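**Student:** Got a structure here, written out as structure tokens. Questions coming.
What follows draws every value from the coordinates through simple rules; no lab data is involved. All values reported here derive from a predicted model rather than from experimental measurement. Virtual Cβ from ideal backbone geometry, glycine too; neighbours counted across all protein chains shown.
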Amino acid sequence: MKLQKSTLLALYSVLEFAARPDEHIPASEIAEKYGESAHHLAKVLSELVRAHIVESVRGVGGGYRFVGNARRLTLLNVIVLFEDLTQQLPPPPAPASGTHEALARVLGEIDQITLATLGAVTIATLLKDIADGREALARAERAAG
């Protein structure tokens, strides 16, 4: 599945905020880390605010803060804010053949499996995976050092 730039930026932002839920993180920090314009990020963040996943805090020490439930919020919950997941195969070329229908069935099944997987992976699960990866890297560096 290929995701739009906005969708990926939303996922990165949610993960950054959820990893530090007690902090107000400036949008500029996220924009710089992921090499994105602050203007584009602002549009993404405003959608996440509307969805009550993050909140915006103005003023000195302000920024954005995760307000969702990391154990319940899934990747799919974030993705559907930015992606149209109802796209279908184009109509078959005339004359219709069983080939197009068979291919459409298989691709439809793949889409359903993908959606089920994205709906099963929570932000908390992904944060744990990130932490586990960092720990494994640190162990490997200590062993090599």
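**Student:** Which of 35, 119, 68 ends up with the largest GNM mean-square fluctuation for the chain, with Cα atoms connected below 10 Å?
**Tutor:** For the chain, modelled as a Gaussian network with Cα springs under 10 Å, the answer is 35.
**Student:** Rounded to two decimals, what ratio of Rg to Rh does the range 1-63 give with C-alpha atoms and a Kirkwood Rh?
**Tutor:** Details: Rg = 11.2 Å, Rh = 11.9 Å.
For the range 1-63, the value is 0.94.
**Student:** Enter the per residue convex hull volume of the chain, computed from alpha-carbon coordinates, in Å³ rounded to the nearest integer. The partial results should precede the final answer.
**Tutor:** Working: hull volume 24.0 nm³, N = 145.
Taking the convex hull of the Cα positions in the chain, it is 166 Å³ per residue.
**Student:** Pairing the Cα long axis of helix 5-19 with the longest principal axis of the chain, what angle in degrees results, from 0 to 90 and rounded to the nearest 10?
**Tutor:** 40
**Student:** Right, another one. By how many degrees, 0 to 90 and rounded to 10, does the Cα axis of helix 38-50 deviate from the longest principal axis of the chain?
**Tutor:** Rounded to the nearest ten degrees, it is 80.
**Student:** So what are the range 93-145's ellipsoid semi-axes, whole angstrom, largest first, if each one is the square root of 5 times an eigenvalue of the alpha-carbon gyration tensor?
**Tutor:** Value: 44, 15, 6 Å, ordered largest first.
**Student:** Can you work out ³J(HN,Hα) from phi for every residue in the range 108-117, in order, using Karplus 6.51 cos²θ - 1.76 cosθ + 1.60 and θ = phi - 60°, giving whole Hz and x for Gly and Pro?
**Tutor:** Ordered by residue, 3J(HN,Hα) equals x, 5, 4, 4, 5, 5, 4, 4, 5, 5 Hz.
**Student:** For helix 123-144, report the angle its Cα long axis makes with the longest principal axis of the Cα atoms of the chain; keep it between 0 and 90° and round to the nearest 10°.
**Tutor:** Helix 123-144 and the main axis of the chain meet at about 70 degrees.
**Student:** Each residue of the range 70-78 in order: what ³J(HN,Hα) in whole Hz does its phi give by Karplus 6.51 cos²θ - 1.76 cosθ + 1.60, θ = phi - 60°, with x for Gly and Pro?
**Tutor:** 4, 7, 10, 6, 9, 4, 4, 4, 7
**Student:** Right, another one. Below 16 Å, Cα to Cα, which aspartates and glutamates can residue 43 reach? Residues fewer than 8 away in the same chain don't count.
**Tutor:** Within the straight-line limit of under 16 Å, residue 43 reaches these aspartates and glutamates: 29, 32, 55, 83.
**Student:** Still on this structure, please answer the following. Between 123, 54, 21, whose Cα lies farthest towards the positive end of the dipole of the chain when Lys and Arg beta carbons carry +1 and Asp and Glu beta carbons carry -1, centred on the Cα centre?
**Tutor:** After comparing all options, I get 21.
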